[in-house]
There are 4 protein chains.
Amino acid sequence: MDSSEQRLTATLLLSCADRRGLVSRIATFVFERGGNILELNEHVDSGERQFFLRIVWDMADFSIGPDDLPAAFAPMAKDLDADWKVRLNHRKQRVAIFVSNADHCLLEILWRHSLGEYNADICLVISNHESLAPLSARYNVPFHHFDMTPGNKSQQEEHELALLKREKIDTIVLARYMQVLSSRFVDSYPAGIINIHHSFLPAFAGSNPYRQAFERGVKIIGATSHYVTKDLDEGPIIQQDIVHITHRDTLGDLIRKGRDLERLVLARACRLHLEDRVLVHGRKTIVFD
Amino acid sequence: MDSSEQRLTATLLLSCADRRGLVSRIATFVFERGGNILELNEHVDSGERQFFLRIVWDMADFSIGPDDLPAAFAPMAKDLDADWKVRLNHRKQRVAIFVSNADHCLLEILWRHSLGEYNADICLVISNHESLAPLSARYNVPFHHFDMTPGNKSQQEEHELALLKREKIDTIVLARYMQVLSSRFVDSYPAGIINIHHSFLPAFAGSNPYRQAFERGVKIIGATSHYVTKDLDEGPIIQQDIVHITHRDTLGDLIRKGRDLERLVLARACRLHLEDRVLVHGRKTIVFD
Amino acid sequence: MDSSEQRLTATLLLSCADRRGLVSRIATFVFERGGNILELNEHVDSGERQFFLRIVWDMADFSIGPDDLPAAFAPMAKDLDADWKVRLNHRKQRVAIFVSNADHCLLEILWRHSLGEYNADICLVISNHESLAPLSARYNVPFHHFDMTPGNKSQQEEHELALLKREKIDTIVLARYMQVLSSRFVDSYPAGIINIHHSFLPAFAGSNPYRQAFERGVKIIGATSHYVTKDLDEGPIIQQDIVHITHRDTLGDLIRKGRDLERLVLARACRLHLEDRVLVHGRKTIVFD
Amino acid sequence: MDSSEQRLTATLLLSCADRRGLVSRIATFVFERGGNILELNEHVDSGERQFFLRIVWDMADFSIGPDDLPAAFAPMAKDLDADWKVRLNHRKQRVAIFVSNADHCLLEILWRHSLGEYNADICLVISNHESLAPLSARYNVPFHHFDMTPGNKSQQEEHELALLKREKIDTIVLARYMQVLSSRFVDSYPAGIINIHHSFLPAFAGSNPYRQAFERGVKIIGATSHYVTKDLDEGPIIQQDIVHITHRDTLGDLIRKGRDLERLVLARACRLHLEDRVLVHGRKTIVFD
């Protein structure tokens, strides 16, 4: 990982109807232009006859310049009627983090970023509260406060979207952001908004999942990271994990233990997304980890 | 465990409103009659101010004979207004297993029993199909077939209950039994019927949980063992566990992976129940493992 | 999985020095002969500059007959100086299981096989004891008893090898077989003998690992499935897993809990091996699961 | 947990040779003085015939003042020839953290402390480097730098011990401290120094465990938190956990994944120790979680 992060690489994500010769055509495209494939993951959903591919290659001796790569690949993609994107690793994704008052997910992401775990630029933090401004400042990330009232949501979202556009944000991470985004907002970032829900969805959707879990008397609690769609807590799931609990755990213990889970599950989902390892297909994800 | 299984021990399970001196009184009751405490677990639900106790003692030098123990303890239990039961380990629980066609849970329990993992007598297997009769026979457990049709359920349950009564059954294990028991049947065995549901409840209650999970695109599947109550899949949970899945797993893979989970979760729940380690309080369980 | 098991497929495992164009050449080989790739896994060990590939394709419209496939691929493999093997799924691996007295691993494998989990023929069971003959008989697998004494080991291994050769055995599974195989025996099955060791290797190698674990006071116990090499417990690891234990667990509890782990870890390793998902490179394995 | 942290409670940890009437005597001691037992855990090691107890009671109506409690209990403890300690929850343990350059364990502990997860005072950080001074400052914990050279270790340890004594430190946490403590230092804090080792001990003791794991080709990596004794990596284990790895994980990935494990395992071990839930018996721990 370390050495590959220094050299220039291209990552292609592609999905299309399955047919013969797809790997051959795409691998040959890379080979004939002097690329050396570093990673290749392929999945065929035989039920839906759909093909999914992730391929990473070394650009060192590639005959096409990085800026010309998308245009060079586009004809084949069109011929395949494929959904696709290609990213050069020196073009980092630009990320905005949305938070409210809880600090654990934000700290986790900013700290990991400081260790070089994410090949991304964390450009700004947006919050409906002011409490996490000092934490953002500590990691030198600009903090923007957007006060939210029942009456001003639509207007504030406009301002947020303008800011995100100005900052060329690719990915939004909801790091325990306690506001529901409007459909209009969600539509602006298809498969580009990652949320963490503090339950093993589809159980305990909605509010106060730990209280719901406590009252039901379950023996596990969980966390789910998913892409945000218009239907709350219904988007494609990227990562889930759980922790065992017992009758000795109070509601406070569930919140404490869940906190550890939330930050780890969200951090892993962010890593997978930022390394272009996730493809969305309907309500499901293909995760090439 | 091995040595304690050979000596005569008593296990007391007790629950009552919390107050001062409960442990002192009960431990002193045991001590003054010559019992040596081998295990003691205590839990106080501070929210509900309820006290739960499990205590196991050596009966070797106990001044009261095993048969007289319940009567000797009854006055204190009455004074405490407690729910309680006491069991001598040489009085094994008598168990009936209900199955349909899937063999994995039945094989698991019969095999573990053959290794001496359960201090219980597995007295009979009841099924609405005949396919598992050979497996029962292999482990020398009588097999009873009760054909079920939409019209005869009520009558067949009568016959089953009569058989269970005749055989003095204490505990019923539904080892992937694909029939819903009537309320009348369930009422006959309060906290005495253990079911395995093939999902992490409360998610995917009802039928075809693996198909539901597959279609939702979750990244974990689970199994839940619980006591059966009148509300299907709503009873107090004893054990839950999960396994991670990926986009590569087909519905068939979920069923295969889930099978491993179901048998282990059910086997553990049976062990906990048969060792008198589970107390029920409302919709929850206290599990002293 | 279900549908792919019915159609005829070919699986190629290949390893060679990494260079440009490997995927392109091999995928094109398949494509030009009419094969549709169903699964493709690729790994490059950048430290060692070694390339590993597993590729499965549909043979329905392949222009080369199954019997001619190895010869058709051999020239390219020779050109690449590759280690490789190709297997048609209708040519099942032939498996022998070695056991002593413990039944749990043998039962697990025979039972899974009876459910269709392994695309293999379990041809025979070999044991230095007679106790598991009835279990083998129950699943209709021939049982061979080879009495082992300090003096006759070399001679008995000769007889075993002759039997294995006669039965055209591809893979040997040591399902808690309590004898050390000679180097000569091991040499006859390179990367073809799978063992289960009842600890998380390299901890607690050698005999009585649960006793070692109990005396050390660890909080986890484990199981390791690995290929057998001349150095005991040092072969390439296929699968490992652990379970948490506490101070309440006696040595007997460790053995009981470990039993569950051993059978699951061994069963998974067998499945990976029998689906040709494991490549060996020095002391390590590449596992395309 | 929340409500019990506000009221005044006493926690007694006790270990002695097992005999009849121990729970009765101790519970009665508490009861007769007006204490209400909130938690009681008991363990009997039947092999060693040793008794272990943890008991927490409400001091609200206790007839003996907090300061007089140890003297009041001492006669019974002496009579039982017991190892014991009693702690009032308003007398917080005083903790020193030793670090080198890695920040993840220190950040984890300071952050959890800021959330109120530990009922302790983190009084100071000691390091042989200066790099983590800003992190300590951020959480308002005094930072002390003790430069270590091959020649000055003995002298510097003297200074450290003097500082620790001056600050009345109860517990030392080695949060990835890359220096071996002298026997003399270790003797000053019996069962009072907690270390995190980055492997599942006893595997990969000593230096560079991740490199050892990488070269061995294991499929799991682990972390172990233990009390420090004179024999490096041999002390009584408090907590262990593991994470699964694959052939795709580079040495850098092991270090990254291990980092998450180390901080969680150390944080949990600290919590257990600081809540007086750990008893040491020879090379083992009894952990009442």
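The values are calculated or read from the model by the stated rules, or taken from the named source; none is laboratory data. Predicted, not measured: the structure shown is a model, and the values here were computed from it. Every residue, glycine as well, gets a Cβ built from its backbone with ideal geometry; the counts of neighbours run over all protein chains shown. Just so you know, the surface numbers come from the protein's heavy atoms only, side chains and all, with ligands and any DNA or RNA stripped out. Shrake-Rupley method; radii C 1.70, N 1.55, O 1.52, S 1.80 Å.
Miscellaneous remarks
- Of the residues making up region B:169-189, not a single one is under 19 Å from B:THR246 (Cβ atoms) and of a type in the set (A, V, I, L, M, F, W, C).
- Taken together, the criteria place A:THR246 among residues that are out of contact with any His (no Cβ under 8 Å at 6 or more places or on another chain), of a type in the set (Ser, Thr, Tyr) and within 11 Å of chain B (Cβ to nearest Cβ).
- Single residue of region A:1-56 satisfying the filter (part of a loop (DSSP other than H, G, I, E, B) and within 7 Å of another protein chain (Cβ to nearest Cβ)) that is modelled with the lowest pLDDT: A:MET1
- Residue among B:VAL56, B:VAL86 that is in contact with a helix residue (DSSP H, G or I) (Cβ under 7 Å, 6 or more places away or on another chain) and among the hydrophobic types (A, V, I, L, M, F, W, C): B:VAL86
- Selection from region C:148-171 of residues that are in contact with a helix residue (DSSP H, G or I) (Cβ under 8 Å, 6 or more places away or on another chain) and assigned to a loop (DSSP other than H, G, I, E, B): C:MET148
- Within region D:86-117, if we keep just the residues that are at pLDDT 95 or above and of a type in the set (S, T, N, Q), the residue that is nearest to A:SER114 (Cα to Cα) turns out to be D:ASN101.
- Which numbered condition A:SER225 fails, given (1) surrounded by fewer than 21 Cβ atoms within 10 Å (Cβ to Cβ); (2) closer than 27 Å to A:GLU42 by Cα: (1)
- You will find that of C:THR285, C:THR229, the residue that is outside any strand (DSSP E or B) and either of a type in the set (Ser, Thr, Tyr) or in contact with a Pro (Cβ under 7 Å, 6 or more places away or on another chain) (or both) is C:THR229 and no other.
- Positions within region C:132-154 being under 15 Å from C:GLN179 (Cα atoms) and hydroxyl-bearing (Ser, Thr, Tyr), in sequence order: C:THR149, C:SER154
- Of all residues making up region C:264-288, the number that are within 22 Å of B:LEU261 (Cα to Cα) and either open to solvent by less than 10 Å² (accessible area, probe 1.4 Å) or facing chain D (nearest Cβ under 10 Å) (or both): 5
- Look at (1) open to solvent by less than 30 Å² (accessible area, probe 1.4 Å); (2) under 22 Å from C:LEU107 (Cβ atoms) and you find that C:GLU157 fails only one, number (2).
- Whichever residue in region A:104-131 is within 11 Å of chain D (Cβ to nearest Cβ) and part of a loop (DSSP other than H, G, I, E, B) and, among such residues, is most open to solvent (accessible area, probe 1.4 Å): A:LEU115
- Residue pairs meeting the criteria (Cβ under 7 Å; at least 6 apart or on separate chains; first under 23 Å from C:HIS197 (Cα atoms) and touching a residue at least 24 places away in the same chain (Cβ under 8 Å), in region C:149-178; second hydrophobic (A, V, I, L, M, F, W, C) and assigned to a loop (DSSP other than H, G, I, E, B)): C:GLU160/C:PHE146; C:LEU174/C:VAL228; C:ARG176/C:ALA102
- Of all the residues in region D:163-176, those that are under 17 Å from D:ASN128 (Cβ atoms) and surrounded by fewer than 18 Cβ atoms within 10 Å (Cβ to Cβ) number 1.
- Only residues that are open to solvent by less than 20 Å² (accessible area, probe 1.4 Å) and either in contact (Cβ under 8 Å) with a residue 40 or more places away in the chain or not aliphatic (A, V, I, L, M) (or both) were counted across region C:179-194, and they come to 4.
- Considering C:ASP241, C:ASP253, C:ASP260, the condition of being open to solvent by 20 Å² or more (accessible area, probe 1.4 Å) and either more than 10 Å from chain D (Cβ to nearest Cβ) or assigned to a helix (DSSP H, G or I) (or both) is satisfied by C:ASP260 alone.
- Members of region A:261-289 that are in contact (Cβ under 8 Å) with a residue 40 or more places away in the chain, over 15 Å from A:ALA213 (Cβ atoms) and of a type in the set (Asp, Glu): A:GLU275, A:ASP276
- A count restricted to region A:57-75 and to residues that are away from chain C (no Cβ under 14 Å) and closer than 19 Å to A:LEU279 by Cα stands at 3.
- Scanning region C:203-226 for residues that are within 11 Å of chain D (Cβ to nearest Cβ), of a type in the set (Ser, Thr, Tyr) and over 18 Å from D:SER199 (Cα atoms) returns a single hit, C:SER225.
- Of the numbered criteria (1) surrounded by fewer than 16 Cβ atoms within 10 Å (Cβ to Cβ); (2) more than 21 Å from the chain's Cα centre (by Cα), the one D:ASP83 fails is (2).
- Look at (1) under 25 Å from D:LYS284 (Cα atoms); (2) at pLDDT 95 or above and you find that D:GLU215 fails only one, number (1).
- Residue check, D:ARG91 among the charged types (D, E, K, R), under 24 Å from the mean Cα position of the chain (by Cα) and part of a loop (DSSP other than H, G, I, E, B): yes
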